[in-house]
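Taking it in order: structure first as structure tokens, then the write-up.
The values are calculated or read from the model by the stated rules, or taken from the named source; none is laboratory data. As the structure is a computational prediction, the values presented were derived from the model and not from experiment. Glycine gets a Cβ as well: all are built from the backbone with ideal geometry, and neighbour counts include every protein chain shown.
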Amino acid sequence: MSAAEVAVRPALKELVQWQGRCPGESILIYITVGGAVTPMRVSESDSIASVKMRFQTCKGISGNRHKLVYDGRELARNDALIKDYGVNGSNVLHLVLRLSDMIFIVVRTAGGKEFEFQIDRHRNVGYLKQHIKKKGRDLIDLEGCQELFCDGEELHDQTLFGDFCYADDGVIHLVVQKSAKVDAKPVHKDLELSVVADDVSGVGGNHVTPKIQQHSVDFWFEPVFVNPNVNLFPFLWDMIGSTFDGLKQGNHPIRSSEGTGGSYFMQDSTGMEYVSVFKPIDEEPNAVNNPQGLPVSSNGEGLKRGTRVGEGAVREVAAYILDHPRAGPRLETGEAIGFAGVPPTAMVQCLHQDFNHPDGFDFSPEHSKVGSLQMFMKNDGNCEDLGPGAFSVEEVHKITVLDLRMANADRHAGNILFRKDADGRIFLIPIDHGYCLPENFEDCTFDWLYWRQARQPYSPDTVEYIKSLDAERDIELLKYYGWDVPVECARTLRISTILLQKGVERGLTPYDIGSIMCREDLNKKSVIEEIICEAQESLLPGMGESVFLESVSQIIDSRIDKLSK
Ligand SMILES: Nc1ncnc2c1ncn2[C@@H]1O[C@H](COP(=O)(O)OP(=O)(O)OP(=O)(O)O)[C@@H](O)[C@H]1O
């Protein structure tokens with residue numbers, strides 16, 4: 001998109017700031033966020049991180065999780081320079097704001113005791129009250145009605161937390177007071193009167209039943225089977241069944257504030273728990289109905305090199321299928337959770353008005369959305385919230401094995417959830433695998449590469465697991481489930497499996513293997529890319545894939561031998 005295509009609001013021009021730099025180096029770029037366009041002067045040698053920071057400071061935007069996108073590609077490397085990504089003067093960059101879904105809340109009782117809760121910003125005050133009743137009965141005496149106050153103002157049950165907590169890292173302080181209903185009789189009567197009045201105006205009880213009935217017919221939801229011979233595992237049926245029950249009760253999908261694409265939390269029948277996360281393919285980044293307003297891809301390529309728009313859901317399901325349990329393939333053992341802990345994921349189809357329908361909605365099949373449905377995993381946050389020092393070597397290693405096998409092009413710390421058990425042990429849960437198995441290795445990046453655990457050798461058990469992997473069997477398995485893996489992606493899986501297996505045979509650490517797979521800087525090929533080029537150059541016309549892979553395998557041997565000397 002050129003600057004000419006963008007209408008710049010004159011008032012924003014004053015935001016163009018240029019402090020103490022050599023004018024010769026400067027370029028004018030445009031940053032869009034939420035539809036508003038801001039011109040900004042930068043230097044070609046500014047880093048991505050500094051451009052983000054300057055823009056955020058200028059606009060008063062907090063948080064460090066926002067993403068910059070240029071020409072359909074995420075500028076994922078914070079230390080890379082603006083010019084490395086080919087950004088020139090007059091180019092338009094898109095900033096995708098990613099507010100945390102979780103808000104930290106401190107509740108103070110009238111007696112002065114304080115209790116901390118984490119709550120989803122899409123939930124309302126009524127939900128928090130129920131949550132406190134359910135989880136905190138022993139902690140806070142909430143018998144009878146309760147009233148919550150924030151900055152002296154009473155919060156009504158319908159108020160959404162996201163509506164009064166704008167900051168990404170905000171903490172809300174609430175005060176609990178016993179309600180008038182409990183305390184004083186005359187007020188008690190007033191309160192009851194107002195409840196009756198609510199009913200008459202249609203806000204109260206009489207209205208609830210028809211609303212639920214209405215919603216019970218206003219959705220469509222079913223699993224998608226490409227191969228009719230596939231039987232879904234019982235735990236996948238349970239997830240699908242609970243999601244269906246939630247929709248039937250009128251519990252709407254709730255869009256996450258964190259994703260670059262549309263990710264929807266699906267609720268259970270009580271509306272108190274999330275059961276799954278639905279990611280429709282037409283709302284992926286660069287897809288036609290992306291809710292973040294990212295422009296549609298001009299060549300079909302996704303946000304990461306070597307991926308295609310609309311294939312995110314298939315890759316999400318593929319990552320789950322290939323995350324084999326330690327005890328053996330899932331088809332034999334039936335175990336829900338595999339070695340790395342990818343949450344159970346299936347392909348579904350869903351029709352609902354609360355998804356993003358920029359061109360309007362009616363209850364017709366063309367508004368139905370296909371996408372991945374992943375089990376919602378209870379968590380205490382993601383790895384961006386904690387320093388990596390808190391994680392055990394084994395937990396980090398399981399993620400590294402998954403990412404190296406799948407050549408994951410989107411492993412940042414925000415895509416690893418964590419959960420603390422009662423003894424304080426931390427478990428990692430990898431999510432967001434829509435950029436796995438790319439056609440090439442160009443955008444592979446792993447945040448864990450710089451974590452100390454990545455420099456430890458794999459344990460004998462993990463080495464055993466890695467040795468048991470079989471790329472040919474994996475490709476067949478994906479085909480059985482309905483994904484006829486494109487030849488380039490199958491090649492990626494074969495090469496990454498060879499590299500991982502040869503690496504552990506020689507005692508290499510995840511860091512060593514990851515450094516072969518990832519580019520050190522954006523415009524310099526990684527070692528694995530050099531190896532692939534060398535193998536391609538050595539091929540004679542007419543030689544097939546197996547000869548090519550044999551050549552890759554030999555070059556890997558010689559490179560690794562040099563590395564281990
Ligand atoms: N299985 C899950 N269990 C619990 N929460 C989840 C799960 N999957 C996603 N989420 C939550 O939803 C948010 C958005 O999901 P996700 O990161 O997959 O979307 P995305 O658009 O692909 O994001 P990104 O911008 O990182 O590529 C996550 O940050 C996480 O908080």
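Do we have any residue at all in segment 447-467 that's crowded, with 22+ Cβ neighbours inside 10 Å, more than 16 Å from the ligand (Cβ to nearest atom) and outside any loop (DSSP other than H, G, I, E, B)? Yes, segment 447-467 contains a residue that is crowded, with 22+ Cβ neighbours inside 10 Å, more than 16 Å from the ligand (Cβ to nearest atom) and outside any loop (DSSP other than H, G, I, E, B). Right, Asn290: crowded, with 22+ Cβ neighbours inside 10 Å, polar (S, T, N, Q) and in a loop (DSSP other than H, G, I, E, B) or not? Answer is yes for this residue.
Out of the residues in segment 88-101 that are closer than 17 Å to Ala49 by Cβ and assigned to a loop (DSSP other than H, G, I, E, B), which is modelled with the lowest pLDDT? Restricting to residues being closer than 17 Å to Ala49 by Cβ and assigned to a loop (DSSP other than H, G, I, E, B), the top hit is Arg98.
How about segment 366-384: which of its residues are touching a residue at least 40 places away in the same chain (Cβ under 8 Å) and either over 23 Å from Arg65 (Cα atoms) or away from the ligand (no atom under 16 Å from the Cβ) (or both)?
So in segment 366-384, the residues touching a residue at least 40 places away in the same chain (Cβ under 8 Å) come out as 368-381, 383-384.
Listed by number, the residues that qualify are Ser368, Lys369, Val370, Gly371, Ser372, Leu373, Met375.
Here Ala490 meets each of (1) farther than 23 Å from Val396 by Cβ; (2) in a loop (DSSP other than H, G, I, E, B); (3) touching a helix residue (DSSP H, G or I) at 6+ places or on another chain (Cβ under 7 Å) with one exception, condition (2).
Has segment 225-236 got any residue that is within 30 Å of the chain's Cα centre (by Cα), part of a strand (DSSP E or B), within 16 Å of the ligand (Cβ to nearest atom) and modelled with pLDDT of 50 or more?
Kept after step one, since they are within 30 Å of the chain's Cα centre (by Cα), are these residues of segment 225-236: 225-228, 230-236.
Among the residues that remain, those that are also part of a strand (DSSP E or B) are: none.
No, segment 225-236 has no match at all.
Inside segment 393-426, residues that are more than 11 Å from the ligand (Cβ to nearest atom), farther than 26 Å from Phe235 by Cβ and assigned to a loop (DSSP other than H, G, I, E, B) make up a count of 2.
Could you say which residue among Tyr70, Tyr85 is at pLDDT 85 or above and within 16 Å of the ligand (Cβ to nearest atom)? Before you say what the answer is, go through the steps one by one.
On the way: Tyr85 fails: within 16 Å of the ligand (Cβ to nearest atom).
Going through Tyr70, Tyr85 in turn, just one is at pLDDT 85 or above and within 16 Å of the ligand (Cβ to nearest atom): Tyr70.
If the condition is being more than 16 Å from the ligand (Cβ to nearest atom) and either within 22 Å of Glu258 (Cβ to Cβ) or buried (at least 22 other Cβ atoms within 10 Å of the Cβ) (or both), then segment 355-365 contributes His357, Pro358. Val342: assigned by TED's automatic domain parsing to the domain that holds Gln267, among the hydrophobic types (A, V, I, L, M, F, W, C), surrounded by 22 or more Cβ atoms within 10 Å (Cβ to Cβ) and not in a helix (DSSP H, G or I), yes or no? Considered against the rule, which asks whether it is assigned by TED's automatic domain parsing to the domain that holds Gln267, among the hydrophobic types (A, V, I, L, M, F, W, C), surrounded by 22 or more Cβ atoms within 10 Å (Cβ to Cβ) and not in a helix (DSSP H, G or I), Val342 comes out as yes.
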